[in-house]
1. Is it true that residue 259 is surrounded by fewer than 19 Cβ atoms within 10 Å (Cβ to Cβ) and of a type outside the set (Phe, Trp, Tyr)?
2. Residue 306: within 25 Å of residue 74 (Cβ to Cβ) and either surrounded by 15 or more Cβ atoms within 10 Å (Cβ to Cβ) or of a type in the set (Gly, Ala, Ser) (or both), yes or no?
3. Do we find that residue 318 is among the polar types (S, T, N, Q), under 30 Å from residue 22 (Cβ atoms) and open to solvent by less than 20 Å² (accessible area, probe 1.4 Å) in this structure?
4. Looking at (1) in contact with a helix residue (DSSP H, G or I) (Cβ under 9 Å, 6 or more places away or on another chain); (2) of a type outside the set (Asp, Glu); (3) under 18 Å from residue 125 (Cα atoms), which is the only condition residue 17 fails?
5. For residues that are assigned to a loop (DSSP other than H, G, I, E, B) and hydrophobic (A, V, I, L, M, F, W, C), scanning just the range 1-24, find the one that is least open to solvent (accessible area, probe 1.4 Å).
6. Select from the range 202-237 the residues that are open to solvent by 50 Å² or more (accessible area, probe 1.4 Å), of a type in the set (A, V, I, L, M) and outside any loop (DSSP other than H, G, I, E, B) and list them in ascending order.
7. Would you be able to say whether some residue in the range 274-296 is surrounded by 13 or more Cβ atoms within 10 Å (Cβ to Cβ), under 20 Å from residue 203 (Cβ atoms) and touching a residue at least 40 places away in the same chain (Cβ under 8 Å)?
8. Residue pairs, Cβ under 6 Å, 6 or more apart or interchain, first in the range 73-91 and under 14 Å from residue 113 (Cα atoms), second in a helix (DSSP H, G or I) and of a type outside the set (A, V, I, L, M, F, W, C). List them.
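The values are calculated or read from the model by the stated rules, or taken from the named source; none is laboratory data. Keep in mind it's a predicted model, so treat the numbers as computed, not measured. When we count neighbours, we look across all protein chains shown, and the Cβ atoms used for this are built from the backbone with ideal geometry, even at glycine. These accessible areas exclude ligands, DNA and RNA; they are computed on the full protein's heavy atoms, side chains included. Shrake-Rupley method; radii C 1.70, N 1.55, O 1.52, S 1.80 Å.
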Amino acid sequence: MKPFFKKSLIRWGIIGCGNVTEVKSGPAYQMTEGFELFGVMRRNLDKAKDYAKRHKVLFYTDDAKALIQHPDVDAIYIATPPDTHKFYGLQVAEVGKPCCIEKPMAPTYAESLAIYTAFKERDIPLFIAYYRRSLPRFLKIKEWLSNDMIGEARHIKWYKSRTASPLDLGGEYNWRTDAKIALAGYFDDLASHGLDLFTFLLGDIVKASGFATNQQGLYTAYDAVSGSWAHKNGVMGSGSWIFGANQPRDKVEIIGSKGEIRFSVLGEEPVELITPTGSRSEFIEHPKHLHEFHVLNIRRHLTGKGMHPSTGESGLHTAWVMGEILGQK
């Protein structure tokens, strides 16, 4: 593929240097060969300055436009809550710089489509931070499926639950459960990872539906969602996401014609392969910085050495699936 950059050093700027950028993502842009974290932006200038000092970042600001338009910034990572992804994303597309946007791509499919279209029309690389597509743990599962270790895949089901957190019970503000920012609350934040991963493992989804409600009344977003879907290759899927249960669980089963695969999406339990000849369990540790391989794949993509598995196109597809399950119009 044709490289977008031919320069040896690509300088990044981060919009929204909050908790997710402290360990999970930010350091990956510093440790990847050929990348440099040049600048950060946060609406609170003191917090932006503190982040820059601790992470040895040269430039900091409370003005996103100043970072986006900075001549020494080649690409932008948007790590803000989803309600501002479109606002910042369109600005990045306008100046013609590659961009990685935190998941979910946006609160709705319509906003996701607007972002995708802006980058597509200008032929600018766009990545979505569904980093699980790049993690060795899930690449092992994809390898098992590709090698027909369980025969033909027939059905995938996911049950994800968690108890109400002290933050939920205390009534303290949390943007993740504010319907104005994330209509489906923790479903938007957590289930998006799994639904995106399932299309990576089993192919695109062609039909999906579901039901969402608020059972606890602790916040404005939905706290219980159920859904079903069909992949293009005929694999059926179902999921339940309950965020007021008695105990946390995260269990996925892919049922095949000759066996099954079991794993968790958000945990780090061993992945299990069950076949007629026996079972296998493998523990594949996550890297310290979870975005490490995701960012490495961005580097390969931008320099023409490989195609990233999580692009604007795949992120848009996940946004559509989520919208269908939630009944968004």
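1. Values: surrounded by fewer than 19 Cβ atoms within 10 Å (Cβ to Cβ): no; of a type outside the set (Phe, Trp, Tyr): yes.
No; evaluated as a whole, the condition is false for this residue.
2. Numbers: within 25 Å of residue 74 (Cβ to Cβ): yes; either surrounded by 15 or more Cβ atoms within 10 Å (Cβ to Cβ) or of a type in the set (Gly, Ala, Ser) (or both): yes.
Here the answer is yes, as residue 306 does meet what is asked.
3. Numbers: among the polar types (S, T, N, Q): yes; under 30 Å from residue 22 (Cβ atoms): yes; open to solvent by less than 20 Å² (accessible area, probe 1.4 Å): yes.
So residue 318 fits the description; yes.
4. For residue 17, the failing item is (3).
5. Of all residues in the range 1-24, those assigned to a loop (DSSP other than H, G, I, E, B) come to 1-9, 16-18, 22-24.
This time we only want the ones that are hydrophobic (A, V, I, L, M, F, W, C), so: 1, 4-5, 9, 17, 23.
Values: 1: 107, 4: 81, 5: 28, 9: 55, 17: 1, 23: 70 Å².
Only one residue fits best here, namely 17.
6. Scanning the range 202-237 gives 206, 236.
7. The answer is no, given that none of the residues of the range 274-296 is surrounded by 13 or more Cβ atoms within 10 Å (Cβ to Cβ), under 20 Å from residue 203 (Cβ atoms) and touching a residue at least 40 places away in the same chain (Cβ under 8 Å).
8. Cβ pairs passing all conditions: 86/111.
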